[in-house]
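Heads up: the structure comes next, in structure tokens.
Laboratory data are not the source of any read-out in this text; all were calculated from the coordinates shown. Note that this is a predicted model, so its numbers are computed, not measured. Please note: Cβ atoms are built from the backbone with ideal geometry, for glycine as well, and neighbour counts cover all protein chains shown.
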Amino acid sequence: MRRKPSYVRDAVDFQPGIVAPWPAGHDPVDKVAQDVHYLPSGEHKGHPSPKGLWTFGPRKGKALCDTFDEKQWPLLVQALRQAILASCVSREFRGRFPSRVWAYIQLEDQPPKLHEARLSNSGQGWYHGFPLQYEDQYPADPHGLLRNAPCVKIINH
């Protein structure tokens, strides 16, 4: 019997997160939000970086991101920071930062799509994000915090 190649992910391989309130005794939420950054990941890109900012290498099973003009990245950082302030974060932390953060991104005249940002560098607070393609990938939200998730509208020109 042939073995499945290691790079092929099962559809059930995606483990949804759980949205949780900001933990008591942790660094202040506004300080943590101020220190986060967006850095794209080539694993979620269907195109090479125009300036070499990421190594192009989309992986099977990874959600492909929409193409955002670099001028729009501050809006992505703003959404990330607002989502942290709204406590649209996972209950798991790595150092000072939540391992996952959720926000909505709306492209042009399309409906908003829930995106997940994952912590890529816990020392620097760098996140990369991707759209959640199926509702079964959405995080559990026992406290109803996603209703406060920010929605940023991106218009690429």
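Points 7 angstrom from Cα along the Cβ direction at Phe14 and Asp30: gap in nanometres? Spacing of the two 7 Å Cα→Cβ label points: 3.5 nm.
Residues Val19, Val89, ranked from the fewest to the most other C-beta atoms within 10 Å, line up as Val19, Val89. Under a model in which nothing but the beta-carbon of Lys, Arg (+1) and Asp, Glu (-1) is charged, the range 68-157 shows a dipole of about 400 debye around its Cα centre. Net charge in the neighbourhood of Pro21 (other residues with Cβ under 12 Å of its Cβ; Lys, Arg +1, Asp, Glu -1) is 0.
Footprinting exposure proxy ranking of His143, His115, fewest other C-beta atoms within 10 angstrom first, gives His143, His115. Under the shape rule built on the C-alpha gyration tensor, where the axes satisfy a ≥ b ≥ c, the range 68-157 is oblate, since a/c reaches at least 1.5 while a/b does not exceed b/c.
Among Tyr104, Tyr138, the order by Cβ neighbours within 10 angstrom, fewest to most, reads Tyr138, Tyr104. Under a 5 Å amide H cut-off, with hydrogens placed 1.01 Å from N, Tyr38 pairs with Tyr127 among residues at least 5 apart or on other chains.
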